[in-house]
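The values are calculated or read from the model by the stated rules, or taken from the named source; none is laboratory data. If you're wondering where the values come from, they're calculated on a predicted model, not measured in any experiment. Cβ atoms come from the backbone with ideal geometry, glycine included; neighbour counts cover every protein chain shown. Each accessible area value is taken on the protein alone, full model and side chains, heavy atoms only, with ligands, DNA and RNA left out. Shrake-Rupley method; radii C 1.70, N 1.55, O 1.52, S 1.80 Å.
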Amino acid sequence: LLDCFLITMGLFAVSIILSCASASAESEGGYEHGRLHLPFVGHTTFGKYPPLSDWTELQRVRERPDFAVLGVPNDMGTQFRSGARMGPRGIREASTLYQFGHKEVFDADTGETYSYGSVLDVGDVDIVHTDQATSLNRTQEAVEAILSANVTPIILGGDHAITAPVCAALQVLQRPVFLVQIDAHLDFVDQRHGVRFGHGNSMRRCLELPHIDSMLQLGIRGVSSTAKSGFQDAAAMGSTVLSVRKVRELGVAAVAEKVPLGAMVYFSIDIDGLDPSIAPGTGTPSHGGFLYYEVKDLLRSIIRRGELVGLDLVEVAPPYDPAGVTTTLAARLLLDAMGFAKAANAGKNTGHAGQPPARGEL
């Protein structure tokens with residue numbers, strides 16, 4: 001009888017311990033019940049968020065999401081190595097790594113705890129091979145549908161040509177938009193052999209739009225695809241161009257202050273803005289680029305100053321990076337931006353900033 005009593009008490013104690021551990025895990029944002037749902041299990045939507053096959057249905061969903069993730073698998077604008085058409089698929093697969101086991105994110109580096117918000121993956125723009133005009137028009141229409149539903153678009157490229165129709169769609173907001181580009185290249189060629197909508201023209205096309213108020217171009221370096229006259233044109237049209245070295249010299253806080261406080265901000269991130277040592281999977285790699293923390297801190301500080309109205313991440317070409325380092329980095333940056341935007345909005349609604357200074361501001 002004594003043995004039975006001791007065994008029973010032992011099992012009771014273990015049950016209490018497990019219950020406490022379970023409650024602790026729940027309070028930390030983890031989960032202990034339902035499917036384990038490992039990264040390699042299930043459907044490969046972005047971050048394993050729910051899919052919505054018809055983005056026109058965004059107007060009628062019961063609860064409006066914070067973000068709609070849209071793929072634009074179009075690399076018809078490339079001038080060197082193609083492959084960015086596979087970017088959306090690669091980034092989606094990589095993103096599943098970051099959605100395992102936690103409803104919230106704790107950043108041990110900064111002490112931040114935040115969520116990514118509510119997200120729907122609305123699939124891809126239907127690209128017509130060899131028909132750039134139709135494909136870009138369809139891109140604009142898709143982004144307009146997302147914006148008209150009062151949802152923030154997160155765009156997976158594709159080459160940088162896709163940014164022009166995305167920025168054209170921002171007219172739906174009916175307010176001036178400040179454009180921030182992170183890139184190795186200026187992308188400010190007017191035309192080349194009659195081509196005006198390739199990946200080397202996109203930023204000029206954007207700045208020509210009446211609702212794109214001004215632009216900050218970060219990371220521009222080396223021998224660019226744009227001639228000196230293009231840099232002069234960019235300055236004359238309202239752009240501020242800073243190289244990687246200049247950004248490091250000024251620091252994150254000073255660079256962020258170049259964005260007007262309270263501005264509507266659109267980010268366009270070319271993965272070749274980061275150094276090819278950490279982002280080799282791209283069509284036109286350029287040495288001397290940013291590192292992960294530098295871009296992360298720029299995203300945090302600039303998003304905190306303004307209102308993020310959209311973001312694209314382009315030029316990820318998975319065929320050149322079999323290890324998946326580039327797609328993993330791309331997914332991480334997108335989720336970082338979404339988390340910063342959600343935290344910034346929460347802080348504005350409560351009257352508190354709720355974020356620590358960026359590393360460059362310490």
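Of the conditions (1) of a type in the set (A, V, I, L, M); (2) under 18 Å from R204 (Cβ atoms); (3) in a helix (DSSP H, G or I), L186 fails just one. Which one is it? For L186, the failing item is (3).
Tell me, please, whether a residue that is among the basic types (K, R), under 14 Å from D159 (Cα atoms) and touching a Phe, Trp or Tyr at 6+ places or on another chain (Cβ under 9 Å) can be found in the range 72-90.
Of the range 72-90, the ones among the basic types (K, R) are 81, 85, 89.
Restricting the remaining residues to those that are under 14 Å from D159 (Cα atoms) gives 81, 85, 89.
If we keep only those that are touching a Phe, Trp or Tyr at 6+ places or on another chain (Cβ under 9 Å) as well, we get 81.
Scanning the range 72-90, I find at least one residue that is among the basic types (K, R), under 14 Å from D159 (Cα atoms) and touching a Phe, Trp or Tyr at 6+ places or on another chain (Cβ under 9 Å), so the answer is yes.
Yes or no, residue by residue, for (1) under 22 Å from R305 (Cα atoms); (2) touching a Gly at 6+ places or on another chain (Cβ under 9 Å); (3) of a type outside the set (G, A, S):
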residue: F100; (1), (2), (3): no, no, yes
residue: G117; (1), (2), (3): yes, yes, no
residue: Q132; (1), (2), (3): no, yes, yes
residue: T139; (1), (2), (3): no, yes, yes
residue: S148; (1), (2), (3): no, no, no
residue: V177; (1), (2), (3): yes, yes, yes
residue: A184; (1), (2), (3): no, yes, no
residue: V189; (1), (2), (3): no, yes, yes
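Checked against the criteria, S268 counts as of a type in the set (S, T, Y), modelled with pLDDT of 95 or more, in contact with a strand residue (DSSP E or B) (Cβ under 8 Å, 6 or more places away or on another chain) and not in a loop (DSSP other than H, G, I, E, B).
Would you confirm whether any residue within the range 217-230 is surrounded by 14 or more Cβ atoms within 10 Å (Cβ to Cβ) and in a helix (DSSP H, G or I)? Yes, that holds for at least one residue. Return the residues of the range 257-295 that are open to solvent by 10 Å² or more (accessible area, probe 1.4 Å) and within 16 Å of L335 (Cα to Cα); say none if nothing qualifies. Within the range 257-295, Y292, Y293, E294 meet the criteria. For beta carbons closer than 9 Å, sequence separation of 6+ or different chains, a first residue in the range 280-294 that is aliphatic (A, V, I, L, M) and a second that is part of a loop (DSSP other than H, G, I, E, B), the qualifying pairs are L291/D275; L291/S277; L291/I278. For the range 196-254, the candidate set comprises residues that are in contact with a strand residue (DSSP E or B) (Cβ under 8 Å, 6 or more places away or on another chain) and on the phi > 0 side of the Ramachandran plot; within that set, the residue that is modelled with the highest pLDDT is G219. When restricted to residues that are touching a residue at least 60 places away in the same chain (Cβ under 8 Å), among the small types (G, A, S), open to solvent by 10 Å² or more (accessible area, probe 1.4 Å) and not in a helix (DSSP H, G or I), the range 296-346 contains 1. Cβ separations smaller than 9 Å between residues 6+ apart or across chains give the following pairs from the range 37-54 residues that are closer than 14 Å to S95 by Cα to residues that are open to solvent by less than 40 Å² (accessible area, probe 1.4 Å) and aromatic (F, W, Y): G47/Y116; Y49/F67; Y49/Y116. Here is the figure for the range 89-132: residues that are among the hydrophobic types (A, V, I, L, M, F, W, C), open to solvent by 50 Å² or more (accessible area, probe 1.4 Å) and not in a loop (DSSP other than H, G, I, E, B) total 2. S82 - would you say it is open to solvent by 70 Å² or more (accessible area, probe 1.4 Å) and small (G, A, S)? Spelling it out, it is not the case that S82 is open to solvent by 70 Å² or more (accessible area, probe 1.4 Å) and small (G, A, S). Is there a residue in the range 145-167 that is open to solvent by less than 10 Å² (accessible area, probe 1.4 Å), in contact with a His (Cβ under 6 Å, 6 or more places away or on another chain), at pLDDT below 95 and not in a helix (DSSP H, G or I)? Scanning the range 145-167, I find at least one residue that is open to solvent by less than 10 Å² (accessible area, probe 1.4 Å), in contact with a His (Cβ under 6 Å, 6 or more places away or on another chain), at pLDDT below 95 and not in a helix (DSSP H, G or I), so the answer is yes. Of the residues screened, R85 is not one that is under 25 Å from Y320 (Cβ atoms), part of a helix (DSSP H, G or I) and touching a Leu at 6+ places or on another chain (Cβ under 9 Å). If you take the residues of the range 180-194 that are modelled with pLDDT under 80 and over 16 Å from M237 (Cβ atoms), which of them is most open to solvent (accessible area, probe 1.4 Å)? That would be H193. Listed by first and then second residue, the pairs with beta-carbon distance under 9 Å, at least 6 apart or on different chains, first residue in the range 62-81 and over 30 Å from V189 (Cβ atoms) and in contact (Cβ under 8 Å) with a residue 60 or more places away in the chain, second of a type in the set (S, T, N, Q) and open to solvent by 30 Å² or more (accessible area, probe 1.4 Å), are R64/S118; R64/N150; P65/S118; D66/S118; D66/N345; F67/S118.
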